[in-house]
Amino acid sequence: MKQEDFKLEKGKPKWFERQADRGHAMLRGFCSACGSPLFLINKASEGAMILFAGSLDDPSWYAPSRDIFVKSAQPWDQMDPNLPKADGMPA
């Protein structure tokens, strides 16, 4: 989603930054109270962020638009055959 469309209603996340395989920064935000992963900011995709579905109060409003990292998917992962697939993170 666009970072400008996101609003954290309370609390302040803890941040972890790591260099991605391609060399850019990856910022991961975690709940400062329990440590649950909340979102990811990929500095190669400026202005965008990835929300973890498990962090949503009501994940039913979200509909996936693509499957990523399918090359390393577990055999039990049942992906929607109608969605576009990418072996890794699309550029």
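In the structure shown, the pairs K7/K43; K43/K85; K10/K43; K43/K71; K10/K71; K2/K71 are assessed against 29 Å; a Cα-Cα span above that value is assigned to K10/K71. Given [x] -0.52; [y] -0.68; [z] -0.46, which label gives log10 I(q)/I(0) by the Debye sum over Cα atoms at q = 0.13 Å⁻¹ as computed from the coordinates? Recomputing log10 I(q)/I(0) by the Debye sum over Cα atoms at q = 0.13 Å⁻¹ here gives the entry labelled [x].
Converting phi to 3J(HN,Hα) with the Karplus coefficients 6.51, -1.76 and 1.60 and the offset θ = phi - 60°, the range 40-49 yields 9, 10, 9, 5, 6, 10, 3, x, 10, 8 Hz in sequence order, with x at every glycine or proline.
Whole-Hz Karplus values for the range 26-39 come out as 10, 10, 10, x, 10, 4, 6, 8, 10, x, 5, x, 10, 7 Hz, taken residue by residue from phi with 6.51 cos²θ - 1.76 cosθ + 1.60 and θ = phi - 60°; glycine and proline positions read x. Amide H contacts under 5 Å for F39: G29, F52, restricted to partners 5 or more places along the chain or on a different chain, H placed in the peptide plane at 1.01 Å from N. The phi-based Karplus calculation (6.51 cos²θ - 1.76 cosθ + 1.60; θ = phi - 60°) puts the 3J(HN,Hα) values of the range 70-77 at 5, 4, 9, 5, 6, x, 7, 6 Hz, whole numbers, x for Gly and Pro.
In this structure, the amide hydrogen of A48, modeled 1.01 Å from its nitrogen in the peptide plane, lies closer than 5 angstrom to those of Q3, counting only residues at least 5 positions away or on a different chain.
Fewest Cβ neighbours within 10 Å first, please rank L56, L51 accordingly.
Least to most surrounded, the residues fall as L56, L51.
The ranking of M1, M49 from fewest to most other beta carbons within 10 Å of each one's beta carbon is M1, M49.
Cα centroids of the range 63-91 and the range 22-51: 19 Å apart. Modelled spin labels at M89 and N42, positioned 7 Å past Cα toward Cβ, are 0.6 nm from each other.
Values quoted throughout were computed directly from the atomic coordinates according to the rules given, and no laboratory measurement underlies them. This is a predicted model, so every value here is computed, not measured. For neighbour counting, all protein chains shown are included, and Cβ atoms are generated from backbone atoms with ideal geometry for every residue, glycine included.
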